[in-house]
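A.B. asks: Here it is, the structure in full.
The values are calculated or read from the model by the stated rules, or taken from the named source; none is laboratory data. This one's a predicted model, so the numbers in the text were calculated from it and none came from an experiment. Using ideal geometry, Cβ is built from the backbone for each residue, glycine included, and neighbour counts are taken over all protein chains shown. Accessible surface is based on the protein model in full, side chains and every heavy atom, while ligands, DNA and RNA are left aside. Shrake-Rupley method; radii C 1.70, N 1.55, O 1.52, S 1.80 Å.
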Amino acid sequence: MQRKYPNSFWRHINLPVAISIAGAMPPMPAASIVNWFIACFVFNYIIHKYRNTWWQRYAFSLSAGLDSGVAISGIVQFGLFTKAKMPQWWGADADHCKLAPTGGFLNRVSPPA
């Protein structure tokens with residue numbers, strides 16, 4: 001496309017990369033892909049074009065923050081949605097404070113008489 005239309009928008013698009021990325025995406029709803037492309041377009045085209053100094057300063061920080069958020073959410077989801085045996089140490093169980101007014105869990109409190 002770049003050779004056929006050298007001065008068009010297609011000179012910024014690398015079609016083999018754009019097509020091959022579809023295989024690297026995790027299975028997700030199609031609406032997530034649209035949001036991904038919108039965010040990418042806004043940050044990598046509009047902000048890069050009109051606020052270049054801001055983009056140069058914060059591009060790496062934003063990328064690192066988003067990548068860290070994905071990693072942390074993956075760890076949290078693994079802990080919440082799997083039946084992994086968690087290690088036992090003080091504070092891991094909810095009934096570690098016998099002097100608490102609820103005795104640990106709220107559902108162990110006797111109802112008011």
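A.B. asks: Somewhere in region 70-83, is a residue open to solvent by less than 100 Å² (accessible area, probe 1.4 Å), farther than 20 Å from F9 by Cβ and not in a helix (DSSP H, G or I)?
C.D. replies: Checking region 70-83: at least one residue is open to solvent by less than 100 Å² (accessible area, probe 1.4 Å), farther than 20 Å from F9 by Cβ and not in a helix (DSSP H, G or I).
Listed here are the residues, each with its yes/no results for (1) at pLDDT below 85; (2) of a type in the set (S, T, N, Q); (3) exposed (fewer than 10 other Cβ atoms within 10 Å of the Cβ); (4) closer than 30 Å to F43 by Cα.
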site: Q56; (1), (2), (3), (4): no, yes, no, yes
site: S61; (1), (2), (3), (4): no, yes, yes, yes
site: L99; (1), (2), (3), (4): yes, no, yes, no
site: R108; (1), (2), (3), (4): yes, no, no, no
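A.B. asks: Within region 1-32, which residues are at pLDDT 75 or above, open to solvent by less than 70 Å² (accessible area, probe 1.4 Å) and assigned to a helix (DSSP H, G or I)?
C.D. replies: L15, A18
A.B. asks: Related question: Test T82 against the criterion of being β-branched (V, I, T) and either at pLDDT below 90 or in contact with a strand residue (DSSP E or B) (Cβ under 6 Å, 6 or more places away or on another chain) (or both), and give yes or no.
C.D. replies: Numbers: β-branched (V, I, T): yes; either at pLDDT below 90 or in contact with a strand residue (DSSP E or B) (Cβ under 6 Å, 6 or more places away or on another chain) (or both): yes.
Considered against the rule, which asks whether it is β-branched (V, I, T) and either at pLDDT below 90 or in contact with a strand residue (DSSP E or B) (Cβ under 6 Å, 6 or more places away or on another chain) (or both), T82 comes out as yes.
A.B. asks: Cβ contacts < 8 Å: first residue without any contact (Cβ under 8 Å) to a residue 24 or more places away in the chain, restricted to region 46-69; second residue among the β-branched types (V, I, T), any location; separation 6+ or different chain. Result?
C.D. replies: Matching pairs, first to second residue: W54/I47; W55/I47.
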